[in-house]
Amino acid sequence: MSNTQLDISGKVAIVTGASSGLGESTALHLAARGAKVVLAARRLDRLHKLVADIRAAGGEAIAVQTDVARRDDMERLAAAAVEAYGRIDVLVNNAGVMPLSPLARLKVDEWDRTIDVNIKGVLYGIAAVLPRMQAQGSGHIVNIASIAGLKVFTPLGTVYSATKHAVRAISEGLRIESGRSIRVTTVSPGAVDSELKFGSSDPDASAGVQAFYEANQIPADSVARAVVYAVEQPADVDVNEIVIRPVAQEF
Ligand SMILES: NC(=O)c1ccc[n+]([C@@H]2O[C@H](COP(=O)([O-])OP(=O)(O)OC[C@H]3O[C@@H](n4cnc5c(N)ncnc54)[C@H](OP(=O)(O)O)[C@@H]3O)[C@@H](O)[C@H]2O)c1
């Protein structure tokens, strides 16, 4: 008995947080393999540029301005994907923020935003695509967690770490609940070069995290290739967990 790798050309893939970093690279890699990509983020100018790049290279893409923390936006995103391409085969729940600070600084607004984007955004993404995937009898949800979802990243990243633990719990629950037709993959990266490291308002945290990244980070396409690997597997194969660290990173 054997099964072979799938050709993903023609698959319809939504990528959230596609205006930068891992999401942008993942969208480019999926499009290069022939997937039709639906790009979501708040910065529409960035998405339009990426659409132009993908089309110039012979691929198919559309942009949908989306705030993942708004359930209505996620519904509109899924509807736009179906309107443009007729179905949704893959959702990459990638959008995320990482404002770092010790709990004692009480940056409660940043805690709220981190929870809204990193947890609620993932759940709203699932809510938007799950009924459609169930109706199709197939689908693949890829959630981007973090090494910080495997270990508690403290003292600076306790809330971020909590959100990424939540992403892993949601992924595993979704995998078990969604039965035989829907695949669920969690990707947990270590330090990857992107804009994420610039997201801390706390000056000490910002300087520390940027120095850490400079010493350790690997390029965003390291993660994009892993997402493509999971998506390319045959329909009866579900790559559940991928952990990718820079060789140099201990944490
Ligand atoms: N870089 C790393 O070291 C690393 C490690 C582990 C996990 N991760 C995870 O990887 C994912 C991607 O991060 P990245 O490193 O590529 O960071 P990034 O370069 O800062 O990209 C973050 C993306 O998320 C989008 N985003 C943020 N808030 C949003 C919102 N409310 N609605 C829609 N989109 C939103 C941003 O787009 P707009 O601002 O245009 O909306 C941007 O496209 C995140 O989940 C992050 O936690 C990253």
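The values are calculated or read from the model by the stated rules, or taken from the named source; none is laboratory data. These figures come from a predicted structure and were not determined experimentally. Here Cβ is always computed from backbone atoms with ideal geometry, including for glycine, and neighbour counts include all displayed protein chains.
Take the conditions (1) in contact with a Pro (Cβ under 8 Å, 6 or more places away or on another chain); (2) part of a helix (DSSP H, G or I); (3) among the hydrophobic types (A, V, I, L, M, F, W, C); ILE115 misses just one of them, which is (1). Taken together, the criteria place LEU103 among residues that are out of contact with any His (no Cβ under 8 Å at 6 or more places or on another chain) and within 21 Å of LYS197 (Cβ to Cβ).
Do we have any residue at all in the range 148-155 that's surrounded by 20 or more Cβ atoms within 10 Å (Cβ to Cβ) and in contact with a His (Cβ under 7 Å, 6 or more places away or on another chain)? Within the range 148-155 (the criterion being surrounded by 20 or more Cβ atoms within 10 Å (Cβ to Cβ) and in contact with a His (Cβ under 7 Å, 6 or more places away or on another chain)), the answer is yes, since at least one residue qualifies. LEU106 meets the stated requirement of being more than 12 Å from the ligand (Cβ to nearest atom) and at positive phi. Being crowded, with 20+ Cβ neighbours inside 10 Å, within 8 Å of the ligand (Cβ to nearest atom) and under 13 Å from ASN94 (Cα atoms) holds for only one residue in GLY125, GLY121, and it is GLY121. Of the residues SER194, SER188, the single one that is in a loop (DSSP other than H, G, I, E, B), under 25 Å from ALA215 (Cβ atoms) and not β-branched (Val, Ile, Thr) is SER194.
If you filter the range 50-60 down to residues that are surrounded by 19 or more Cβ atoms within 10 Å (Cβ to Cβ) and under 11 Å from ALA32 (Cα atoms), you find that the one that is nearest to the ligand (Cβ to nearest atom) is ILE54. Looking at the range 236-246, is at least one residue more than 20 Å from VAL37 (Cβ to Cβ), surrounded by fewer than 19 Cβ atoms within 10 Å (Cβ to Cβ) and touching a Lys or Arg at 6+ places or on another chain (Cβ under 6 Å)? The answer is yes; a qualifying residue exists.
Across the range 88-102, the number of residues qualifying as out of contact with any strand residue (DSSP E or B) (no Cβ under 6 Å at 6 or more places or on another chain) and either aliphatic (A, V, I, L, M) or crowded, with 24+ Cβ neighbours inside 10 Å (or both) comes to 4.
Scan the range 25-46 residue by residue and report those that are surrounded by 24 or more Cβ atoms within 10 Å (Cβ to Cβ) and within 7 Å of the ligand (Cβ to nearest atom). Result: ALA40, ALA41. Across the range 207-221, not a single residue is classified as within 23 Å of THR4 (Cβ to Cβ), surrounded by fewer than 18 Cβ atoms within 10 Å (Cβ to Cβ) and modelled with pLDDT under 95. Taken together, GLY179, GLY139 contain a single residue that is touching a residue at least 40 places away in the same chain (Cβ under 8 Å), on the phi > 0 side of the Ramachandran plot and among the small types (Gly, Ala, Ser), which is GLY139.
Please find, within the range 118-166, the residue that is nearest to SER178 (Cα to Cα) out of those that are of a type in the set (S, T, N, Q) and part of a helix (DSSP H, G or I).
Per the criteria, the residue is GLN134.
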